[in-house]
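Asker: The structure under discussion is supplied below as structure tokens; questions concerning it will follow.
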Amino acid sequence: MMILKILFRNAFHNKLRSGLTILGIAVAILAFGLLRTVISSWYAGVEAASTSRLVTRNAISIIFTLPLSYNEKIRQIEGVKMVSYGNWFGGVYIEEKNFFPNFCVEPRTYLEIYPEFVLSPAEKKAFLADRKGFVAGRKLAAKYGWKIGDPVTLKGTIYPGNWDFVLRGIYKGRDDTTDETQFYFHWDYLNETIKKVSPPRADQVGFYMIAVTRPDLSADVALAVDKTFKNSLAETLTETEKAFNQGFIAMSGAIVTAIQMVSFVVIIIIMAVVANTMAMTTRERIGDYAIMKTLGFGGRDITVLIFGESLVISLTGCLTGMILTFPAAAAFGQSLANFFPIFIVSRETLYLDILAAILIGCLAAIIPTRQAIRIGIADGLRRIG
Amino acid sequence: MAEQKQNIVEIRHLYKSYHRGSLVVPVLFDITFDIVSGEFLALMGPSGSGKTTLLNLLAGIDKADEGSIRVGDLDITTFSETELAHWRANHVGFIFQFYNLIPVLKAIENVELPLHLTSLSKRERRDHAEMALRMVGLEHRMDHYPQELSGGEQQRVAIARAIVTDPTILVADEPTGDLDRVSAEEILAMMERLNSEMGKTIIMVTHDPRAAQRAKILRHLDKGYLTDDDSQNPL
Ligand SMILES: Nc1ncnc2c1ncn2[C@@H]1O[C@H](COP(=O)(O)OP(=O)(O)OP(=O)(O)O)[C@@H](O)[C@H]1O
Ligand SMILES: [Mg+2]
């Protein structure tokens, strides 16, 4: 079709202007894609969480602990298959900026409850046998170049002093969504050391992790656990792991909202830029459109010409931006692996990209199209020369 | 040419004014005249006298306030926008001062453009366009874009585009206004040939007395009035 030929050639006629506009759209789509990915990776932890696992913590706040003695009591509750426990350690590796999650756990039960952390039998055995041993996720070990047998020292923040560990295992994630940046070690190691330096803080547990016999029992078991410790010194709050993670994330909800808003603001800005470009372009082509109308082409043809040109430009920019998103996300994800262990551009983000581009293209074309159609042929022709 | 005396255009009591905000600017007053088939008419007059306006009205790209314009068997003043567009595509060939080719289309594609509104096949469109380009002597410039052609060549492409649909009338608004003398002569000679050899009815607006000389008949417009009656061109 001739109209298509004209609109495609129009789109790339002024190479500098089209090129800059396309670049602008590409950068906007790239920024949009990365911001959306930040948000979705933020929630990825929640998605990966299981509903058949429960987490029990102190009812007052996550920063208060629970007595170790609860372990036995929880195990007695009907529907409970296995119980593990751990403490958030909050250690620092060399410098503050090297942030990664690290905590101590009761290793035997923890590995059973979390089968998504895949460890070879030999490494598992070595880890269980070494009180000072620790296990690191594949990404974490790769980042710091740790190899099996390497000594690693963390500086305690919650538990002061330098803590020495030996790497005994490197786990691999079973799924895409499994966090491969964790660092965990023996709860006993922490507890015994604490016992010596500050006895009142010993035998305290940050959180219990409970595997239930059947997922549909989760709610009942959670109620039963909390009921057991009602009116005791440390009351508990038990929720599914998913809810627990959501609560964790809710704390940073404001930031997520801000990022979300910025991602849309980027799109609105580029919309204004493209609308301006299209307004300029169509003003220059008023004569062309007048000629086409003179020859007998109708308003519909002019509409197709302008919308088509606008969409060609916005979709070209979008495609460029989408292609750039992948390497950019890979680089971004690598450098921020500790904050966003799962940084994958989702299909939804790509759909949103395309949707945004179509919106940009159409909105930018509306006003110029109205102007081009409204102007009388005779007036349009007078603008030439 | 026996039917040469038949009127192809009949204009009766035509009035036209423009509106600038609340201000009404009258431009044409009580214009009445006929154009016979096969005519080559030059419309002359000072700047602002309403020549372009009159041409636009009889070519169906502007609407009169009053009066009728009959072209062939049809009164185009009764047409809707869509009907007018359809009518122009079939009955009018346009030649403008600034050629007005589509810059992103090659010469041949520009000539083909109006044929896209007809039912011709792709092949037929190409054949017709090539023939029209051959008639204006530009078959060797088929694949050139307008900016790669001289003014005179661009105007010849525009003429090819105007005749490719075999329209009832050809209208030309200052077709030589932007050309040097040599190119202008070429274009005029070509229009003369279209008229004499192919019997095309041509209505041409011009300032240029040399251009007017080529026409068979002259009409003068002054401040919106036709000032003469059927004066034959002295040539
Ligand atoms: N869209 C418009 N709105 C208001 N006035 C107009 C409009 N178009 C033309 N005019 C006025 O109508 C009058 C006739 O214009 P027209 O273009 O027909 O003159 P012309 O004889 O073709 O002049 P020229 O030789 O300079 O091309 C002029 O005074 C012009 O200013
Ligand atoms: Mg004029």
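The values are calculated or read from the model by the stated rules, or taken from the named source; none is laboratory data. Worth saying up front: this structure is predicted, and the values here are computed from it rather than measured. Please note: Cβ atoms are built from the backbone with ideal geometry, for glycine as well, and neighbour counts cover all protein chains shown. Accessible surface areas use protein heavy atoms only, side chains included; no ligands, DNA or RNA. Shrake-Rupley method; radii C 1.70, N 1.55, O 1.52, S 1.80 Å.
Asker: Please indicate, with yes or no, whether at least one residue in region B:3-13 is more than 14 Å from chain A (Cβ to nearest Cβ) and within 16 Å of ligand 2 (Cβ to nearest atom).
Answerer: Among the residues of region B:3-13, not one is more than 14 Å from chain A (Cβ to nearest Cβ) and within 16 Å of ligand 2 (Cβ to nearest atom), which makes the answer no.
Asker: Can you list the helices (runs of 4 or more DSSP H) found entirely within region A:273-385 that contain at least 1 residues being surrounded by fewer than 19 Cβ atoms within 10 Å (Cβ to Cβ) and of a type in the set (Gly, Ala, Ser)?
Answerer: A:299-335
Asker: For region A:117-148: of the residues being part of a loop (DSSP other than H, G, I, E, B) and among the aliphatic types (A, V, I, L, M), which is surrounded by the most Cβ atoms within 10 Å (Cβ to Cβ)?
Answerer: Among those that are part of a loop (DSSP other than H, G, I, E, B) and among the aliphatic types (A, V, I, L, M), it is A:LEU119.
Asker: Hand me the list of helices (runs of 4 or more DSSP H) wholly inside region A:153-252 holding 2 or more residues that are free of Cβ contacts under 8 Å to residues at least 24 places away in the same chain and basic (Lys, Arg).
Answerer: Once the helices (runs of 4 or more DSSP H) in region A:153-252 are filtered for at least 2 residues that are free of Cβ contacts under 8 Å to residues at least 24 places away in the same chain and basic (Lys, Arg), what remains is A:187-197.
Asker: Counting only residues that are modelled with pLDDT under 95 and away from chain B (no Cβ under 14 Å), give me the helices (runs of 4 or more DSSP H) lying completely in region A:1-86 with at least 3 of them.
Answerer: A:15-48, A:70-76
Asker: Another question, then. Among the listed residues A:LEU352, A:LEU381, A:LEU324, which satisfies the condition of being modelled with pLDDT of 85 or more and within 16 Å of ligand 1 (Cβ to nearest atom)? So that I can check it myself, show each step before the final result.
Answerer: Values: A:LEU352 fails: within 16 Å of ligand 1 (Cβ to nearest atom); A:LEU324 fails: within 16 Å of ligand 1 (Cβ to nearest atom).
Result of the check over A:LEU352, A:LEU381, A:LEU324: A:LEU381.
Asker: Mind checking which residues of region B:91-121 are open to solvent by 60 Å² or more (accessible area, probe 1.4 Å) and facing chain A (nearest Cβ under 8 Å)?
Answerer: If the condition is that a residue be open to solvent by 60 Å² or more (accessible area, probe 1.4 Å) and facing chain A (nearest Cβ under 8 Å), then B:PHE98, B:LEU117 are the ones that fit.
Asker: Moving to a separate point now. From the residues in region B:42-58 that are hydrophobic (A, V, I, L, M, F, W, C) and within 13 Å of ligand 2 (Cβ to nearest atom), which one is farthest from the chain's Cα centre (by Cα)?
Answerer: Residues of region B:42-58 hydrophobic (A, V, I, L, M, F, W, C): B:42-44, B:54-55, B:57-58.
Remaining after also requiring within 13 Å of ligand 2 (Cβ to nearest atom): B:43-44, B:54-55, B:57.
On the way: B:LEU43: 11, B:MET44: 14, B:LEU54: 11, B:LEU55: 8, B:LEU57: 11 Å.
Ranking the candidates gives B:MET44 first.
Asker: Does B:ILE95 qualify as being more than 16 Å from ligand 1 (Cβ to nearest atom), in contact with a Pro (Cβ under 9 Å, 6 or more places away or on another chain), of a type outside the set (Lys, Arg) and within 18 Å of B:ILE159 (Cβ to Cβ)?
Answerer: Here the answer is no, as B:ILE95 does not meet what is asked.
Asker: Of everything in region A:277-328, what is within 11 Å of another protein chain (Cβ to nearest Cβ) and within 41 Å of the chain's Cα centre (by Cα)? Give them in sequence order.
Answerer: Passing the criteria: A:LEU305, A:GLU309.
Asker: Being more than 14 Å from every other protein chain (Cβ to nearest Cβ) and among the β-branched types (Val, Ile, Thr) is the filter; apply it to region B:26-41 and report the residue that is farthest from ligand 2 (Cβ to nearest atom).
Answerer: B:VAL36
Asker: Please list, ordered by first then second residue, the pairs with beta carbon atoms under 6 Å, 6 or more apart or interchain, first in region B:102-122 and under 16 Å from B:LEU138 (Cβ atoms), second assigned to a loop (DSSP other than H, G, I, E, B).
Answerer: As it stands, the answer is B:LYS106/B:ASP143; B:LYS106/B:TYR145; B:ALA107/B:MET142; B:ALA107/B:HIS144; B:ILE108/B:MET142; B:ASN110/B:LEU101; B:ASN110/B:ILE102; B:VAL111/B:VAL164, since those pairs meet every condition given.
Asker: When residues of region B:45-61 are filtered for being out of contact with any Leu (no Cβ under 9 Å at 6 or more places or on another chain) and within 12 Å of another protein chain (Cβ to nearest Cβ), how many remain?
Answerer: 1
Asker: Out of the residues in region B:66-90 that are open to solvent by 100 Å² or more (accessible area, probe 1.4 Å) and within 11 Å of another protein chain (Cβ to nearest Cβ), which is nearest to B:THR168 (Cα to Cα)?
Answerer: Within region B:66-90, the match that is nearest to B:THR168 (Cα to Cα) is B:HIS86.
Asker: Right, another one. Cβ-Cβ under 6 Å, sequence separation 6+ or interchain: first residue in region A:95-116 and within 17 Å of A:ARG138 (Cβ to Cβ) and open to solvent by less than 40 Å² (accessible area, probe 1.4 Å), partner at pLDDT 90 or above and in a loop (DSSP other than H, G, I, E, B). Which pairs?
Answerer: A:PRO101/A:GLN182; A:ASN102/A:PHE89; A:ASN102/A:GLY91
Asker: Output the residues belonging to region A:346-385 that are out of contact with any helix residue (DSSP H, G or I) (no Cβ under 8 Å at 6 or more places or on another chain) and more than 14 Å from chain B (Cβ to nearest Cβ).
Answerer: Scanning region A:346-385 gives A:ARG347, A:TYR351, A:LEU355, A:ILE366, A:ARG370.
Asker: With respect to B:ALA64, determine if the residue is under 19 Å from B:ASP228 (Cα atoms) and touching a Ser or Thr at 6+ places or on another chain (Cβ under 6 Å).
Answerer: no
Asker: I've got another one for you. From the list B:SER22, B:SER49, which one is under 27 Å from B:ALA211 (Cβ atoms) and small (Gly, Ala, Ser)?
Answerer: None of the other options fit; the residue is B:SER49.
Asker: Now for a separate question. Quick test of your reading of the structure: B:ARG219 fulfils all but one of (1) away from ligand 1 (no atom under 16 Å from the Cβ); (2) at pLDDT 90 or above; (3) away from chain A (no Cβ under 14 Å). Name the failing condition by number.
Answerer: Every condition holds for B:ARG219 apart from (1).
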